[in-house]
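One structure is given below, encoded as structure tokens.
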Amino acid sequence: MPMYQTATDLPKQSAVEGDFFKSLSYLTKHYGLNLTKYRQLPYPYNILMAQKEVNRQLKKKGRCRELLIVEQEDNHTCLTVKETFNQDFGLFYIPVMPIYDLWQNPEHTHCAELITAVCAYLYIEADVTYYRDEDTYMFYNYEILEEWITEGKDDMEEDDYNRQKTAYDNALKQGDFIQEKMMATGFRHSLDSLIANFNALSDFEKECLTVAQKCWDLWQTFPKMNLFKHASLQDYEVEDYEDNYVAMHEYFSFVGSVNDSVSDTLRDMVNNDFNERARYQEPEVVTFFNQAQPRYTDELAYEDKLYLLIDDLCTLLYHKP
């Protein structure tokens with residue numbers, strides 16, 4: 001056995017040991033773990049070894065599970081597991097101007113209908129914010145962009161100004177067009193029939209169909225879920241929340257484009273802003289084992305699949321014909 005040195009402020013065995021192993025029994029049944037019997041080892045070595053093995057067995061690909069030993073208000077000890085995604089922070093910005101282009105091409109109208117229906121689900125059901133809606137983070141950033149472009153007119157070459165102004169105006173006009181399409185009830189609720197009647201011949205059409213099918217499956221499997229169901233940091237004060245954390249509605253959003261001069265400036269603005277924040281909000285599930293819990297079910301499965309759907313959609317739109 002490895003050696004350890006007893007801490008000077010070690011909690012009393014009578015106050016901690018019983019609560020710990022009772023809570024541990026709830027945890028092992030919840031996750032279906034098979035642990036070594038450590039209770040008979042000397043205190044606190046038994047707790048240290050049990051905690052070490054639980055941490056090892058809790059590991060799951062793609063997830064970060066943090067095991068905590070907390071003291072509750074009633075002074076009893078309780079094990080707690082916080083589960084989040086094990087992934088790097090990124091921007092999930094869905095460009096709508098490529099969809100507008102599809103609508104303008106009669107050969108791709110069927111693709112435009114299908115992808116618009118997918119976006120309607122993401123906007124209305126999954127609650128992904130839209131940059132043309134006031135009081136959203138991206139609406140605010142586009143307003144700042146307009147000010148910069150207008151104020152910088154005298155310092156720019158005429159061609160540069162005209163290019164940026166045109167790109168900005170197109171982002172607004174085309175964004176309004178796609179939003180109006182998405183808000184039509186028929187698109188969202190006819191996704192299944194659009195899929196059934198879609199004849200995919202080209203590689204792009206096949207990719208459109210695949211994305212739509214993933215969206216439909218997600219909606220049917222999780223009919224009442226949305227992006228913010230398990231959002232963390234919900235109990236923080238508004239001032240502290242806004243000043244220190246990147247909110248999910250800020251890094252999940254529809255935008256105009258992701259590959260023009262305006263979008264490059266927008267991306268720099270957002271990254272500079274986010275770099276000033278301490279942490280970012282993310283989906284998380286916290287389980288307290290102060291009592292028996294039902295068998296583990298993946299409560300973050302919806303968000304996991306939603307992230308993949310948005311990533312596939314963005315890739316599809318970036319490589320549209």
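The values are calculated or read from the model by the stated rules, or taken from the named source; none is laboratory data. Just so you know, these numbers come straight off a predicted model, no measurement behind them. Every residue, glycine among them, receives a Cβ derived from its backbone with ideal geometry; neighbour counts consider all protein chains shown.
Does residue 102 count as assigned by TED's automatic domain parsing to the domain that holds residue 188, touching a His at 6+ places or on another chain (Cβ under 6 Å) and buried (at least 20 other Cβ atoms within 10 Å of the Cβ)?
It is true that residue 102 is assigned by TED's automatic domain parsing to the domain that holds residue 188, touching a His at 6+ places or on another chain (Cβ under 6 Å) and buried (at least 20 other Cβ atoms within 10 Å of the Cβ).
Across segment 185-228, what is the total count of residues that are modelled with pLDDT of 95 or more and basic (Lys, Arg)?
The number of residues fulfilling the criteria is 2.
Of the numbered conditions (1) hydroxyl-bearing (Ser, Thr, Tyr); (2) more than 27 Å from residue 175 (Cα to Cα); (3) surrounded by fewer than 17 Cβ atoms within 10 Å (Cβ to Cβ), residue 232 fails exactly one; give the number of that condition.
Of everything listed in (1) hydroxyl-bearing (Ser, Thr, Tyr); (2) more than 27 Å from residue 175 (Cα to Cα); (3) surrounded by fewer than 17 Cβ atoms within 10 Å (Cβ to Cβ), residue 232 misses just condition (3).
Condition test on residue 82, is it within 30 Å of residue 137 (Cβ to Cβ), touching a residue at least 12 places away in the same chain (Cβ under 8 Å) and not hydrophobic (A, V, I, L, M, F, W, C)?
Answer is yes for this residue.
Of all residues in segment 117-170, how many are of a type in the set (Gly, Ala, Ser) and surrounded by fewer than 17 Cβ atoms within 10 Å (Cβ to Cβ)?
Adding up the residues that qualify gives 1.
Just checking, how many residues over segment 163-197 are over 24 Å from residue 254 (Cα atoms) and not aliphatic (A, V, I, L, M)?
The qualifying residues number 2.
Of the numbered conditions (1) surrounded by 13 or more Cβ atoms within 10 Å (Cβ to Cβ); (2) farther than 30 Å from residue 35 by Cα; (3) not acidic (Asp, Glu), residue 69 fails exactly one; give the number of that condition.
Every listed condition holds for residue 69 apart from (2).
Does residue 178 qualify as being of a type in the set (A, V, I, L, M, F, W, C), modelled with pLDDT under 95, under 20 Å from residue 259 (Cα atoms) and touching a Phe, Trp or Tyr at 6+ places or on another chain (Cβ under 7 Å)?
no
Take the residues of segment 40-67 that are in a helix (DSSP H, G or I) and touching a helix residue (DSSP H, G or I) at 6+ places or on another chain (Cβ under 9 Å): which is farthest from residue 78 (Cα to Cα)?
To start, the set of residues in segment 40-67 that are in a helix (DSSP H, G or I) comprises 45-57.
Those still in the list that are touching a helix residue (DSSP H, G or I) at 6+ places or on another chain (Cβ under 9 Å) too: 46-47, 50-51, 54, 57.
Numbers: 46: 16, 47: 12, 50: 14, 51: 12, 54: 14, 57: 18 Å.
Here the answer is 57.
Residue 278 versus (1) more than 30 Å from residue 23 (Cα to Cα); (2) exposed (fewer than 15 other Cβ atoms within 10 Å of the Cβ); (3) modelled with pLDDT of 95 or more; (4) in contact with a helix residue (DSSP H, G or I) (Cβ under 7 Å, 6 or more places away or on another chain): which is the lone unmet condition?
So the condition that residue 278 fails would be (3).
Can you pull out every residue in segment 110-145 that is of a type in the set (Ser, Thr, Tyr) and assigned to a helix (DSSP H, G or I)?
116, 121, 123, 137, 140, 142
Can you name every one of the helices (runs of 4 or more DSSP H) wholly within segment 170-224 that holds 3 or more residues which are touching a Lys or Arg at 6+ places or on another chain (Cβ under 8 Å)?
203-221
Would you please name the residue that is nearest to residue 222 (Cα to Cα), looking only at residues in segment 286-321 that are surrounded by fewer than 17 Cβ atoms within 10 Å (Cβ to Cβ), within 15 Å of the chain's Cα centre (by Cα) and aliphatic (A, V, I, L, M)?
Only one residue fits best here, namely 301.
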